[in-house]
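Chemist: This structure is in structure tokens; I'll ask about it shortly.
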Amino acid sequence: VSTMGFTYLLLQNITSQSLADLSTASRVVQYAVASRQAETAAHAEGVAASSTVATAVAAGNHDALAATLANYLSSHGLTGLTITGSSGEVLLRGSDPSRWGDSDSSDPLVRRALIGETSSSVVVADGLVAPTVSLVAAAPIRDSSGAIVGTVAADRAIDTAFVDGLRASTSLDIAVYGGNTRAATTLIGP
């Protein structure tokens with residue numbers, strides 16, 4: 001009876017500690033993702049606040065935008081940067097400057113930016129091998145009089161480099177899923 005009682009108490013302690021550790025790990029990952037999302041929103045707002053960008057967007061000048069933002073993605077660790085005009089027409093895609101002229105007016109974040117709201121979201125898209133999970137933030141671009149002339153949307157992927165960096169900092173093994181499919185992980189076993 002004593003052995004059974006102690007075994008039961010030991011298992012209860014192990015279970016309680018495991019659940020507490022899992023809860024702490026979950027909060028650490030949530031904090032890291034929220035921080036990364038806030039950084040992405042700050043980049044979108046920073047580009048939107050540029051008077052050079054606002055002037056080029058108001059004029060619909062793709063070449064000026066491409067020249068102004070040529071190295072922005074690589075220098076700030078972003079995956080994508082999309083600039084649209086006041087009706088949602090794409091003026092620049094930072095990841096592919098030659099692809100522009102289409103419309104992002106159906107994108108909910110672009111729509112919110114066109115009415116003056118900065119917003120962000122987690123977006124899952126199909127990738128070649130696995131889904132791509134990205135943090136996307138959009139902000140309105142205003143001219144000198146305060147009128148909205150376009151939007152900027154910045155995105156940053158939650159990829160293997162992100163989870164590996166988090167593992168190096170916290171020693172946590174992490175897996176990120178896009179739907180039911182694993183998008184990034186630190187786990188290397190089967």
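Chemist: When the range 152-165 is examined, which residues are found to be open to solvent by 30 Å² or more (accessible area, probe 1.4 Å) and under 10 Å from ALA183 (Cα atoms)?
Modeler: Pass one, the range 152-165, residues open to solvent by 30 Å² or more (accessible area, probe 1.4 Å): 155, 159-161, 164-165.
Those that are open to solvent by 30 Å² or more (accessible area, probe 1.4 Å) and under 10 Å from ALA183 (Cα atoms): ASP159, THR160.
Chemist: So in the range 88-100, with the set limited to residues that are part of a loop (DSSP other than H, G, I, E, B) and in contact with a helix residue (DSSP H, G or I) (Cβ under 8 Å, 6 or more places away or on another chain), which one is most open to solvent (accessible area, probe 1.4 Å)?
Modeler: The qualifying residue most open to solvent (accessible area, probe 1.4 Å) is TRP100.
Chemist: Pairs under 9 Å by beta carbon, first residue in contact (Cβ under 8 Å) with a residue 12 or more places away in the chain and over 15 Å from ASP164 (Cα atoms) in the range 175-187, partner among the charged types (D, E, K, R) and part of a loop (DSSP other than H, G, I, E, B), six or more apart or different chains?
Modeler: GLY178/ASP126
Chemist: Could you give every pair whose Cβ atoms fall below 9 Å, whose first residue belongs to the range 83-103 and is under 12 Å from ASP63 (Cβ atoms), and whose second residue is assigned to a loop (DSSP other than H, G, I, E, B), counting only separations of at least 6 or pairs across chains?
Modeler: Every condition considered, the pairs that remain are LEU91/GLY60; LEU91/ASN61; LEU91/TRP100; LEU91/GLY101; LEU92/LEU69; LEU92/TRP100; PRO97/LEU69; PRO97/ALA70.
Chemist: Now for a separate question. Could you name every one of the helices (runs of 4 or more DSSP H) located completely within the range 1-82 that has at least 1 residues being surrounded by fewer than 17 Cβ atoms within 10 Å (Cβ to Cβ) and modelled with pLDDT under 90? Lay out the reasoning, then the answer.
Modeler: On the way: elements: 2-48, 51-59, 62-68, 72-76.
Filter on the range 1-82 gives 2-48, 72-76.
Chemist: Could you list all residues from the range 147-161 that are free of Cβ contacts under 8 Å to residues at least 24 places away in the same chain and in a loop (DSSP other than H, G, I, E, B)?
Modeler: So the first thing to find is which residues in the range 147-161 are free of Cβ contacts under 8 Å to residues at least 24 places away in the same chain, and the list is 147, 161.
If the condition is that a residue be free of Cβ contacts under 8 Å to residues at least 24 places away in the same chain and in a loop (DSSP other than H, G, I, E, B), then ALA147 is the only one that fits.
Chemist: Considering (1) under 23 Å from LEU69 (Cα atoms); (2) β-branched (Val, Ile, Thr); (3) more than 10 Å from the chain's Cα centre (by Cα), say which one ILE158 fails and leave the rest.
Modeler: (3)
Chemist: Turning to a different aspect of this structure: Please give the number of the condition VAL149 fails out of (1) crowded, with 17+ Cβ neighbours inside 10 Å; (2) among the hydrophobic types (A, V, I, L, M, F, W, C); (3) within 19 Å of the chain's Cα centre (by Cα).
Modeler: (3)
Chemist: Additional query: Return the residues of the range 167-186 that are out of contact with any helix residue (DSSP H, G or I) (no Cβ under 9 Å at 6 or more places or on another chain), more than 20 Å from LEU128 (Cα to Cα) and surrounded by 11 or more Cβ atoms within 10 Å (Cβ to Cβ); say none if nothing qualifies.
Modeler: ARG167
Chemist: Select from the range 108-146 the residues that are assigned to a loop (DSSP other than H, G, I, E, B), surrounded by 12 or more Cβ atoms within 10 Å (Cβ to Cβ) and among the hydroxyl-bearing types (Ser, Thr, Tyr) and list them in ascending order.
Modeler: Residue satisfying the conditions is THR118 alone.
Chemist: While we're on this one: When you scan the range 30-42, do you find a residue that is in contact (Cβ under 8 Å) with a residue 12 or more places away in the chain and touching an Asp or Glu at 6+ places or on another chain (Cβ under 9 Å), even just one?
Modeler: yes
Chemist: Kindly provide the set of residues from the range 143-184 that are within 16 Å of LEU114 (Cα to Cα) and touching a strand residue (DSSP E or B) at 6+ places or on another chain (Cβ under 6 Å), ordered by number.
Modeler: ASP143, ILE148, VAL149, GLY150, THR151, VAL152, ALA153, ALA154
The values are calculated or read from the model by the stated rules, or taken from the named source; none is laboratory data. Note that this is a predicted model, so its numbers are computed, not measured. Cβ: placed from backbone, ideal geometry, glycine included. Neighbour counts: every protein chain shown. Keep in mind that these areas ignore ligands, DNA and RNA; they rest on the heavy atoms of the full protein, side chains included. Shrake-Rupley method; radii C 1.70, N 1.55, O 1.52, S 1.80 Å.
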